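Novice: So that we are looking at the same thing, I have put the structure below in structure tokens.
Derivation of every value follows stated rules applied to the coordinates shown; laboratory data play no part. Owing to the predicted nature of the structure, the values given are computational and were not obtained by experimental measurement. Methodologically, a virtual Cβ is constructed for each residue, glycine included, from the backbone with ideal geometry; neighbour enumeration extends over all protein chains shown.
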Amino acid sequence: MPAVYMLINAETDSEHEVLKILLGDPSVDDYGVKGHVKEAYQVYGVYDIVARVEAETMDKLKEVVTWGIRRLPHVRSTLTMIVVEGFNKGEMGNAIDGLPSSRGAKYKTKS
């Protein structure tokens with residue numbers, strides 16, 4: 001299933017309003033994003049909110065991001081990162097084993 005992580009800048013003191021929309025609070029309009037935002041967190045730093053968004057197809061995902069989340073009230077800017085490949089904790093060992101060796105022989109110390 002296609003997914004993205006979005007970093008969102010919100011207007012000052014409006015982070016909770018944006019989070020309510022992203023997380024499907026029934027008391028606010030969903031702007032077409034309901035059910036697509038799987039996780040959202042308020043964070044400190046350059047961005048105010050981090051969200052994981054999924055959709056059935058890449059076209060639907062583009063629609064949710066472009067015409068939904070980026071146009072939400074109080075959203076000032078976004079940075080969107082498309083997930084290329086993902087692993088869960090149980091799969092991590094196999095994923096690491098399958099990666100090409102990066103510096104192994106080149107930086108070995110002599111015994």
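Novice: Placing +1 at every Lys and Arg Cβ and -1 at every Asp and Glu Cβ, with all other atoms neutral, what dipole size does the stretch 3-98 have around its Cα centre, in debye to the nearest 20?
Specialist: Charge dipole, the stretch 3-98, about its Cα centre: 120 debye, nearest 20.
Novice: Got a sec? How would Ile69, Ile21 order by Cβ neighbour count within 10 Å, fewest to most? Could you put the intermediate results ahead of the total?
Specialist: Numbers: Ile69 25, Ile21 22.
With the sparsest Cβ surroundings first, the list reads Ile21, Ile69.
Novice: Give the dimensionless ratio obtained when the Cα radius of gyration of the stretch 3-98 is divided by 2.2 N^0.38 Å.
Specialist: On the way: Rg = 14.4 Å, N = 96, 2.2 N^0.38 = 12.5 Å.
With N residues counted in the stretch 3-98, Rg over 2.2 N^0.38 Å equals 1.16.
Novice: Within 10 Å of each residue's Cβ, count the other Cβ atoms and sort His74, His36, His16 from fewest upward.
Specialist: His16, His74, His36
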